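One structure is given here, and the rest of the page talks about it.
Nothing in this text is a laboratory measurement; each read-out follows from the coordinates by a stated rule. Note that the coordinates shown come from a computational prediction; the quantities given were computed from them, not determined experimentally. Note: ideal-geometry Cβ built from the backbone for every residue, glycine included; neighbour counts use all protein chains shown.
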Amino acid sequence: MKLVRFDGGKTGLMVQIASGPHVIDIIGSLGALSQDDPISRGILNGILKDEGSWAPLIEHWERARIGLRRLASFALANPDRSDLVICRADQISLALFLRNPTGIVALDIVESGEVAQDPTGREAMERQFGVPSPADTQVISIIPLRDKIRSAEISLPLQGS
């Protein structure tokens, strides 16, 4: 889950829908949660209203993530919902913190359950950076022969595959 500060300090939730990356204005979209989940609405509103700090969001992550996930699922199911404030990622400008030039403008949250299958984080890094899996990689080894004029190439798969 990736959060961003945009358009003067609003908090947004990045989602990837069929037409590309989009940002949900969390506070502007709380109406989508009102009927189904008033608790999540209240928690997110209390934490993020008035360009609130992300520290309480992290502190209360167990409760806050429920509403954020619901907003993301609403956007994935129907990004044209009237109660969602959503725009293409290229239409926003990341918030500049003039009072704090080292302020955080994006926060990527990966929950432990998402990496439990791979404690090294290799799979997450491969997805993020597009690095091929070692199982899909081959090493070419050049072995010189005795007369040092000829050589042979041997293709060796990594990790015994």
Practice item. May I ask for the net charge around A106, where only other residues with Cβ less than 12 Å from the Cβ of A106 are counted and Lys, Arg are +1 while Asp, Glu are -1? Key: +1
Check your understanding: So, in nm, how far is label Q91 from label A55 when the simple model puts each one 7 Å beyond its Cα toward the Cβ?
Key -> 3.5
Point to revise | Cα→Cβ-extended label distance, 7 Å offset, between S82 and V105, nm | key: 3.5
Practice item. Note down the magnitude of the dipole of the range 1-43 about its Cα centre, charges +1 on Lys and Arg C-beta and -1 on Asp and Glu C-beta and zero elsewhere, to the nearest 20 debye. Key: 160
Exercise for review: Give, rounded to the nearest 20 debye, the magnitude of the charge dipole that the range 2-109 has about its Cα centre when Lys and Arg contribute +1 at Cβ and Asp and Glu contribute -1 at Cβ.
Suggested key: 100
Review point. Could you list log10 I(q)/I(0) for the range 2-109 at q = 0.11 Å⁻¹, which the Debye formula gives when each Cα is one point scatterer?
Key: -0.31
Review point. Summing Lys, Arg as +1 and Asp, Glu as -1, what charge do residues with Cβ under 11 Å from the Cβ of I17 carry, I17 excluded?
Key: 0
